[in-house]
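Worksheet for the structure shown next.
The values are calculated or read from the model by the stated rules, or taken from the named source; none is laboratory data. Quick caveat: nothing in here was measured; it's all calculated off a predicted structure. Cβ atoms come from the backbone with ideal geometry, glycine included; neighbour counts cover every protein chain shown. Heavy atoms of the whole protein, side chains included, go into the accessibility calculation; ligands, DNA and RNA do not. Shrake-Rupley method; radii C 1.70, N 1.55, O 1.52, S 1.80 Å.
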Amino acid sequence: MIRLVVDSASDYTKEELDERSLTMVPLQITINDKHYRDGIDITKDAFYDALLKTREFPKTSQPSPDAFVKVFEKAKEDDDDVICILLSSSLSGTVQSARLAKDMVDYDKIHIIDSLSATIGIRVLVEEALRLLKEGHDAKDIVETIEDIKGRLMILAGIDTLEYLCMGGRVSKAVATIGEFANIKPIITVSKEGKVEVITKRRGTNKTLAHLKDMIKAYRIDERYRVFSIYSYGEENTIRLEELLDMHIDERVQLGPTIGAHVGPGAFGIVFVTK
């Protein structure tokens with residue numbers, strides 16, 4: 001048997017985890033001095049409600065190695081393979097915790113994949129792993145395929161405000177202040193190194209939507225993989241982007257706290273795999 005393990009940055013709901021028989025190891029979210037297990041103690045909407053009411057930037061903490069040890073020891077006891085698809089090592093120490101846990105358990109049938117991505121990017125990889133698993137592929141084949149696909153993952157998103165990028169240290173306070181005054185909307189991606197980066201800016205939501213559409217249309221999308229539209233808090237901009245793109249979207253999914261803390265409400269975008 002092959003067990004698929006994700007962290008909460010994959011933004012699956014409890015119902016989705018159960019439907020897919022996925023094991024989830026949660027990150028911890030701290031907001032307003034209160035600690036929550038992401039995806040367990042706080043919902044996405046509750047997180048954004050809290051985010052809008054505070055001036056403090058939320059903090060995320062990686063799972064401890066012990067959290068992975070419990071999962072790995074059970075797999076070792078059952079002689080199961082484990083494939084972990086986890087949040088980018090450039091954004092969190094989650095991958096390192098999993099690697100330490102593997103060493104502690106001393107079990108060779110644990111495979112740890114650094115997604116070099118986040119949120120719905122991780123989900124694209126997991127959904128493909130689930131498809132391969134259903135087709136009867138072994139752990140080695142699944143890991144090799146996912147390692148190939150992750151280099152072709154693309155996340156492109158427009159941000160409604162610079163405030164949260166500033167709070168998270170992605171842009172300076174001066175840039176954020178000027179940008180807010182000028183109604184500047186950044187477009188971000190998760191880079192090949194797994195970092196959240198601002199790649200360009202446009203003035204106003206309409207111009208941002210139009211430019212984002214042109215950027216997405218310039219890519220050759222690999223239609224063998226699912227395409228997701230994404231939003232943080234409020235779906236209006238994402239719906240407008242879908243209408244502009246006029247292309248098949250498999251599912252619209254809300255971003256969770258890991259990336260949501262950096263983009264704030266009103267974010268909109270697309271996640272896909274390139275050819």
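Structure summary
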| item | result |
| --- | --- |
| Criterion violated by Ile216 - all others in (1) touching a helix residue (DSSP H, G or I) at 6+ places or on another chain (Cβ under 9 Å); (2) open to solvent by 30 Å² or more (accessible area, probe 1.4 Å) satisfied | (2) |
| Residue that is most open to solvent (accessible area, probe 1.4 Å) [pool: residues in the range 1-38 that are assigned to a loop (DSSP other than H, G, I, E, B) and within 15 Å of Pro58 (Cα to Cα)] | Asp33 |
| Residues satisfying the stated conditions in the range 226-270, i.e. under 27 Å from Lys53 (Cβ atoms), open to solvent by 30 Å² or more (accessible area, probe 1.4 Å) and assigned to a loop (DSSP other than H, G, I, E, B) | Tyr233, Gly234, Glu235 |
| Candidate set from the range 63-83 (those that are free of Cβ contacts under 8 Å to residues at least 60 places away in the same chain and not in a helix (DSSP H, G or I)); member that is most open to solvent (accessible area, probe 1.4 Å) | Asp79 |
| Residue check, Met167 modelled with pLDDT of 95 or more and surrounded by fewer than 23 Cβ atoms within 10 Å (Cβ to Cβ) | no |
| Among (1) modelled with pLDDT under 95; (2) not in a strand (DSSP E or B) - the single one Thr60 does not satisfy | (2) |
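This table checks each residue for (1) assigned to a strand (DSSP E or B); (2) at pLDDT 95 or above; (3) out of contact with any Lys or Arg (no Cβ under 9 Å at 6 or more places or on another chain).
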| residue | (1), (2), (3) |
| --- | --- |
| Ser92 | no, no, yes |
| Ser97 | no, yes, yes |
| Leu125 | no, yes, no |
| Thr145 | no, yes, yes |
| Ala176 | no, no, yes |
